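Novice: Okay, handing you the structure first.
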Amino acid sequence: MNMQNELCTLEQIYNFLLMRPYFHKHSQFEKLKEFFYEIHEMNGGFFEVKNSYSFLGTFNGKQKVIDSTHSPDFLDKKIFLQWVIKQIN
């Protein structure tokens, strides 16, 4: 996938989540869990929280475990989305 298109898609999902009522009151973990759930590919299988900050899902056609223990702050949009792109590619 084209990185610019991918960033645009991730940004739309990110913005959609921020518009949810009370989403801003969620913990960092809850925000990450909802974000990765939304971006994983449903037809690629299941989504699972492996442990406190590890998420198993299908991203860009490959099953991956995303370790988010050192993720940037979810609310730092630009840095967070760049970090996500590195994780899923």
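Quick note: the coordinates plus some simple rules give every number you see, no bench work behind them. Predicted model, so just to flag it, every value in this text is computed and none were measured. Because the Cβ atoms are built from the backbone with ideal geometry, glycine has one as well, and the counts that use them run over all protein chains shown.
Novice: Using only helices, what value at 222 nm comes out for the chain when you add -39,500 (n - 2.57) per DSSP H run of length 4 or more and divide by the total residues, to the nearest 500 deg cm²/dmol?
Specialist: Here the helix-only value at 222 nm equals -14500 deg cm²/dmol.
Novice: First select every other residue whose beta carbon is under 9 angstrom from the beta carbon of I88; then total the charges, Lys and Arg +1, Asp and Glu -1.
Specialist: Within the 9 Å Cβ shell, the charges total +2.
Novice: When a footprinting reagent is the concern and you count Cβ atoms within 10 Å, what order do V65, V84 take, fewest first?
Specialist: The fewest-first ordering by Cβ neighbours comes to V65, V84.
Novice: While we're on this one: Note the full-extension length gain between E41 and Y53 as 0.36 nm times their separation in residues minus their Cα-Cα distance, in nm to one decimal.
Specialist: 2.4 nm
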